[in-house]
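Report on one structure; see the data block that follows.
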Amino acid sequence: MKADGAVAQAQQPKRVGRLDGVRALCALGVAAVHTSFAAGVMGAYTAEPGNEVLATLLAGLRPLALGPFFVLSGMLLYRPFARWTLTGSRRPRLGPFMAKRLARLWPAYVLLAVVCVFLLNWNAVDGPWYVLRPILMLQVYDYTWIAGMDPAWTVPAEMQYYLALPVMAALMHWLARRVDDPVKKARRMMIPPAVITVASAVWTWWIHRPEMGIYPEEYWWPFAVGGAFALGMVMAVIHVLAEIKPHDRPALYRVAARRPLLLCGAAVALYAVNCTQPFGRPGYGDYEGVGLAVTQYFLLLAFSYLVVMPLSIPEATSRVIDAVVANPVARYLGRISYGIYLWHFAVMYFWFETGSVFGTEPALMQQLRGTISFPELMTAVLVGSIFAATVSHYLLERPIVNAVGRWARRKEAAAATTAPPAAPSREEHVLTR
C-alpha cells in the first residue's frame with residue numbers, strides 16, 4: 001500500500017495549475033463584490049442597486065467566492081496526515097508543517113498591517129497594542145476596525161485552523177486506529193469533520209439571529225468557516241483512498257474524475273441560485289438574516305465541493321475547464337491571489353484618498369458609496385492590488401517561503417535517516433502477500 005501511495009504522490013505536481021486558476025477567480029470575485037459595494041452598484045439597506053443586473057450577479061458571489069480558499073487549505077494540508085492514518089506512513093513533522101504555514105500566511109499579512117496602520121490609521125494609534133493587535137492576528141477578538149484590513153479577518157481564521165489541524169488529525173487517527181480496512185478507517189475519520197460542519201452551521205444560525213444585531217463582534221470569529229475547512233479534510237480522505245485503492249476508488253472520486261465539466265456546471269447552477277438570494281434581496285449587500293445565512297452556508301459547501309473536487313483530480317480533463325482556469329494569466333494571478341485578496345480593500349482607500357496619510361480620518365465605505373464609477377474603481381483595484389501582490393510575492397513572500405522550505409526539507413531528511421522504519425500494518429500484510 002505504501003508503494004502505491006508513494007507512486008501516486010510522486011505523480012502529483014508541486015502546484016496544480018487549475019487550482020491556482022480557481023484561487024485567482026475567487027480572489028477577483030471577492031474584489032469585485034467589495035468594489036461594487038463601494039461604487040454603489042450593489043444595494044445596501046436603504047440604498048438601491050445602481051445597476052440591478054450587475055448587482056444581482058455580483059451579490060451571487062457572496063459568500064461563495066470565499067469557500068474554495070478554505071476547502072483547498074483543508075484538503076491540501078490534511079492530505080499528508082490522512083496518508084499517515086490510512087497507510088501507516090510516518091506522521092508529518094509538526095515543526096516543519098507549522099513553520100511552512102506561518103511563512104506562507106504571516107509575512108504578507110504583516111506587511112499589509114504595517115502599511116494600513118501607519119499610513120491609513122496613524123491618527124487612531126493609541127499605544128503599542130493598536131499596532132500589535134493586528135500583527136498578532138487578534139483584532140478579530142478584541143474587535144478593532146482598521147481601514148484597509150477590512151477583509152483580512154479571514155486570515156486569523158485560516159491561521160487558527162492551521163493550528164487546530166494537527167490536533168484534529170490526531171483525533172481522527174485515534175478514532176481509526178483499531179480498524180484495518182481503509183474504507184472503515186475513512187468512515188471513522190469523517191466523524192470530527194461532520195461534527196465541525198454541524199457546529200459551524202449552528203454558529204452561523206446563532207450569530208445571524210435578529211437579537212445579535214448587525215455584524216456582532218462574534219461574526220469575525222473563525223467558527224463560521226469551519227465547515228469549509230472540514231469539507232476540505234473530507235476531500236483529502238477521499239483522495240488518499242483513491243491513491244491506495246486505485247481499482248476501487250470512492251464513488252465521489254470516480255464521478256468527479258469522469259464528469260468534471262458536469263460538476264462545474266452544477267456549481268454554476270448553484271451560483272445562479274445564490275444570485276436570487278433566497279430569503280434575502282437580490283442585488284443587495286445587507287447583513288444576512290437567519291434564513292439567507294444558513295442557506296448560503298450550505299450553498300457554499302456544495303459550491304466549493306463541485307468546484308474543487310474535479311479540478312484536484314489529475315485525470316479529470318476538460319478543455320473547457322482548462323481554458324478558463326489553467327491558462328497562463330489565471331495561473332499567474334492564482335500564484336499571487338493571496339496578495340490580491342489582502343490588498344484590494346487598501347487600494348480602494350488609497351484611491352479615494354482617505355486616511356491619515358491624506359490628512360483625514362479614513363471614511364467608512366458606506367460614506368464613499370457612489371462617489372466614483374464602478375469601471376474606474378474596479379480598474380484601480382485590479383491594477384493596484386495586482387501590483388502590490390506581485391511586489392509582495394517576489395520580494396517578500398517567495399524568498400521567505402523558499403528559505404523555510406529548504407530548512408523544513410533538511411529537518412525532514414534528517415528525521416528520515418535517524419528514525420526507524422514504520423512497522424507495516426495488518427492491512428499492508430494483506431495487500432503485499
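Anisotropy class assigned to segment 105-182 is prolate, per the alpha carbon gyration tensor with a/c at or over the 1.5 cut-off and a/b larger than b/c. With all protein chains in place and a 1.4 Å probe, the accessible surface of the chain carries 66 percent carbon and sulfur. Counting alpha carbon pairs within less than 8 Å and at least 6 residues apart, what relative contact order, in whole percent, applies to the chain? That works out to 33 percent. Multiplying the residue separation of PHE298 and PHE118 by 0.36 nm and subtracting their alpha-carbon distance yields 60.9 nm. Counted as membrane-span-like here are DSSP H helices of the chain whose alpha-carbon atoms extend 15 Å or more along the helix's own axis and whose Kyte-Doolittle mean is 0.5 or above; these are 17-38, 67-87, 94-115, 154-176, 191-207, 226-244, 260-275, 290-311, 337-352, 374-392. Labels on offer are [x] 25.7; [y] 24.0; [z] 22.9, and the one holding Kirkwood radius over Cα pairs in Å computed from this structure is [z]. Protection proxy ranking of 246-252, 39-45, by the mean of other Cβ atoms within 10 Å over each peptide's residues and highest first, is 39-45, 246-252. Probing with 1.4 Å while keeping every protein chain in the model, the per residue accessible area of segment 345-410 equals 54 Å². Estimated at 0.36 nm per residue, the fully extended path between GLU211 and ARG258 surpasses their Cα-Cα distance by 12.2 nm.
Between TRP153 and GLU361, the modelled label-to-label distance comes to 2.1 nm, taking each label 7 Å out from Cα in the direction of the beta carbon.
Remark: segment 322-422 carries a charge dipole of roughly 580 debye about the Cα centre, counting +1 on each Lys and Arg Cβ and -1 on each Asp and Glu Cβ.
Counting lysine pairs in the chain that sit 8 or more residues apart in sequence, or on different chains, and whose Cα atoms lie under 15 Å apart gives 5.
Compared with the direct C-alpha span, the chain from VAL125 to ARG91 gains 7.8 nm at full extension, assuming 0.36 nm per residue.
A straight line joining the Cα centroids of segment 351-404 and segment 74-101 runs 35 Å.
Using a ≥ b ≥ c from the Cα gyration tensor of segment 146-280 (square roots of the eigenvalues), is it rounded, prolate or oblate, where a/c under 1.5 gives rounded and otherwise the larger of a/b and b/c decides, a/b for prolate? Cα axes put segment 146-280 in the oblate bin.
Using a simple spin-label model with pseudo-atoms 7 Å out from Cα toward Cβ, ARG177 and VAL290 lie 4.1 nm apart.
Classified by the C-alpha gyration tensor, segment 54-133 has an oblate form. Its axis ratio a/c, with a ≥ b ≥ c, is 1.5 or above, and a/b does not exceed b/c.
The values are calculated or read from the model by the stated rules, or taken from the named source; none is laboratory data. It should be emphasised that the depicted structure is a prediction, and the values quoted were computed from it without experimental measurement. Neighbour counts are summed over all protein chains in view; Cβ atoms, including those assigned to glycine, are modelled from backbone coordinates with ideal geometry. Surface accessibility is based on the protein's heavy atoms, side chains included, excluding ligands, DNA and RNA. Shrake-Rupley method; radii C 1.70, N 1.55, O 1.52, S 1.80 Å.
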